[in-house]
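Down below is the structure, laid out as structure tokens.
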């Protein structure tokens, strides 16, 4: 059943595209509200959710969220904190169209940003573009993991706080739930290592990049696998947005 669900029909892709479009409306609202002095993180979260729900999204149970400086692992809800300049909101935002859920991970800095994270975002953007070119039908999960490590080593700066860092592959299916491969930890990648990406499979590709000093950044978009490589379904630029 998992294998049969991985390759999506055009109707399924259309539903997932609508979901992506609504997520981007939600993140536009997040950016607008994050720039307001003294705002609480749950107000920003509520504005994000309202922007999607008021445009036709069904309620989606998955909306991991963290606002901190430095950002850490996302939590399952806002923390009821007043946002401060320099905080970075990292999230996993989904909307739902007849049960089909896309996802994006797009960090937002509150009014100012540590330049190290901007460097990480630039590093991530270069790595992500090369990874999309590589991900064609027939590529195995093990090959994708190794290629991400290889690209990370090639592109990571050799001086400064990012020196000695790299990149880590993370992805899972999008559709009526988290379809295979759930490549989020070592055990899962061993289980699905020989699994091949299918044409017209739709996945959230959200690799992370790290610097040798311990800083890291994750960014991700829902992507469709084509013979020319993986194609982003979102339209927003690949960047760490600063809400001002």
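Miscellaneous remarks
- Test result for residue 33, under 21 Å from the mean Cα position of the chain (by Cα), farther than 18 Å from residue 103 by Cβ and in a helix (DSSP H, G or I): yes
- Strands (runs of 3 or more DSSP E) contained entirely in the stretch 135-208, each with at least 3 residues that are in contact with a strand residue (DSSP E or B) (Cβ under 8 Å, 6 or more places away or on another chain) and closer than 21 Å to residue 228 by Cα: 171-173, 202-205
- Here residue 144 does not qualify as surrounded by 18 or more Cβ atoms within 10 Å (Cβ to Cβ) and under 16 Å from the mean Cα position of the chain (by Cα).
- Which numbered condition residue 232 misses (of (1) at pLDDT 95 or above; (2) touching a helix residue (DSSP H, G or I) at 6+ places or on another chain (Cβ under 6 Å)): (2)
- Enumeration of residues in the stretch 38-73 that are within 17 Å of residue 217 (Cβ to Cβ) and surrounded by fewer than 16 Cβ atoms within 10 Å (Cβ to Cβ): 70, 72, 73
- Residue in the stretch 93-104 that is in a helix (DSSP H, G or I), in contact with a helix residue (DSSP H, G or I) (Cβ under 8 Å, 6 or more places away or on another chain), modelled with pLDDT of 95 or more and over 25 Å from residue 214 (Cα atoms) present: no
- Screening residue 214 on (1) closer than 29 Å to residue 119 by Cα; (2) not in a loop (DSSP other than H, G, I, E, B) shows it passes everything except condition (2).
- Any hit, the stretch 178-191, residues being touching a helix residue (DSSP H, G or I) at 6+ places or on another chain (Cβ under 6 Å) and free of Cβ contacts under 8 Å to residues at least 12 places away in the same chain: yes
- None of 51, 46 is within 20 Å of residue 234 (Cα to Cα) and not in a loop (DSSP other than H, G, I, E, B) except 51.
- Residue that is in contact with a strand residue (DSSP E or B) (Cβ under 8 Å, 6 or more places away or on another chain) and within 30 Å of residue 56 (Cβ to Cβ), where the choices are 77, 73, 111: 77
- Looking only at residues in the stretch 199-215 that are touching a residue at least 12 places away in the same chain (Cβ under 8 Å) and surrounded by fewer than 18 Cβ atoms within 10 Å (Cβ to Cβ), the one that is nearest to the chain's Cα centre (by Cα) is 200.
- So residue 85, is it surrounded by fewer than 21 Cβ atoms within 10 Å (Cβ to Cβ), at pLDDT 95 or above and assigned to a helix (DSSP H, G or I): no
The values are calculated or read from the model by the stated rules, or taken from the named source; none is laboratory data. Bear in mind that the values here come from a model prediction, so they are computed numbers and not experimental data. Positions of Cβ are backbone-derived with ideal geometry, glycine not excepted, and every protein chain shown enters the neighbour counts.
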